[in-house]
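I have placed the structure first, in the form of structure tokens, so that the comments after it can refer back to it.
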Amino acid sequence: VQPDGLYRIGITAIDGHGLTSEVSSEVEIDNTPFTLAGVGITPSVINPEDADGVNDFAIVSYTVNGAKDSATVRFQVFANASDTVAVFNYSATVFVFPVTKTFTFRGKNDSGVLLSVGATKTYYWKVTAVDGTNGQVLTAGGNVTIDNARPAMPQIFTPDNLALAGAGATVSGVG
């Protein structure tokens, strides 16, 4: 197996009278496989509706290698894993390899509207990489939960809910 690169192949034909004819051509050897690796989303649960600066968005990361000229990488979010139409689409074309990239998913659809307003829902995400030279397609995916549901109101349990008397009180709720 030859290393990657351009090579010139030449052929010379000689007939019975000693006359020759030559032809040559360049061929390219590319043994580097097209890969999509290190695909992930962090965190896997976001709550963008409250805009409190904590888990308001997710970072999607990936590494692409082995494409000769270019690769197009597409990130999509689907309401359900079996859906064929995405609620969110993002794509980028890369020209240098290997390349590690990230982009941000803010829990919004293609129109910029928040998904799952006031509710919690798990969405399916997929990253698709397409080799611009030979059309090879690689994918990776997973789930992201958008948790925009409001927590239950805290409750204070005392004999008189308006005043605390004594050394302790029980407070419950998720905040």
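The values are calculated or read from the model by the stated rules, or taken from the named source; none is laboratory data. Please read these numbers as outputs of a predicted model, since none were measured by experiment. Using ideal geometry, Cβ is built from the backbone for each residue, glycine included, and neighbour counts are taken over all protein chains shown. Each accessible area value is taken on the protein alone, full model and side chains, heavy atoms only, with ligands, DNA and RNA left out. Shrake-Rupley method; radii C 1.70, N 1.55, O 1.52, S 1.80 Å.
Rounded to two decimals, the Cα-based Rg/Rh of the chain, with Kirkwood Rh, is 1.37. Within 10 Å of each candidate Cβ there may be at most 16 other Cβ atoms; applying that plus a DSSP loop requirement, which trypsin sites (Lys or Arg not before Pro) in the range 42-148 survive? Those that pass, being in a loop and sparsely packed, are LYS68, ARG106.
Across the chain, the mean sequence separation of Cα contacts (distance under 8 Å, 6 or more residues apart), normalised by length, yields a relative contact order of 19 percent. Counting only Cα atoms, the range 66-119 measures 44, 22, 16 Å along its principal axes, largest extent leading.
Size descriptors for the range 25-75 (Cα atoms only): Rg and Dmax, in that order, 18.0, 63 Å. Rolling a 1.4 angstrom probe over the protein heavy atoms with all chains in place gives the chain an accessible area of 63 Å² per residue.
What's the extension gain from THR12 to VAL27 if we count 0.36 nm per residue and subtract their Cα-Cα distance?
Details: separation 15, 0.36 × 15 = 5.40 nm, distance 1.70 nm.
Extending this stretch completely gives an extra 3.7 nm.
Comparing GLN155, THR20, GLY53 along the charge dipole axis of the chain, the residue lying farthest to the positive side is GLN155, per the Cβ-charge model.
Here the range 1-133 is assigned +1 on the Cβ of each Lys and Arg and -1 on the Cβ of each Asp and Glu. Its dipole about the Cα centre then comes out at about 420 debye.
Find, among the chymotrypsin sites (Phe, Trp or Tyr not before Pro) in the range 74-104, those assigned to loop by DSSP (not H, G, I, E, B) with at most 15 other beta-carbon atoms within 10 angstrom. Spell out each step's value before the answer.
Values: sites: PHE75, PHE78, PHE88, TYR90, PHE95, PHE103; in loops: PHE95.
Here the chymotrypsin sites (Phe, Trp or Tyr not before Pro) that fit, given the DSSP loop and packing criteria, are PHE95.
The mean sequence distance of close C-alpha pairs (under 8 Å, at least 6 residues apart), as a share of the length of the range 96-150, puts its relative contact order at 36 percent.
If we count every other residue with Cβ under 12 angstrom of VAL127's Cβ, Lys/Arg +1 and Asp/Glu -1, where does the sum land? If you can, show how the numbers build up before the last one.
Details: positive: ARG74, LYS101, LYS126; negative: none.
Summing Lys and Arg as +1 and Asp and Glu as -1 gives +3.
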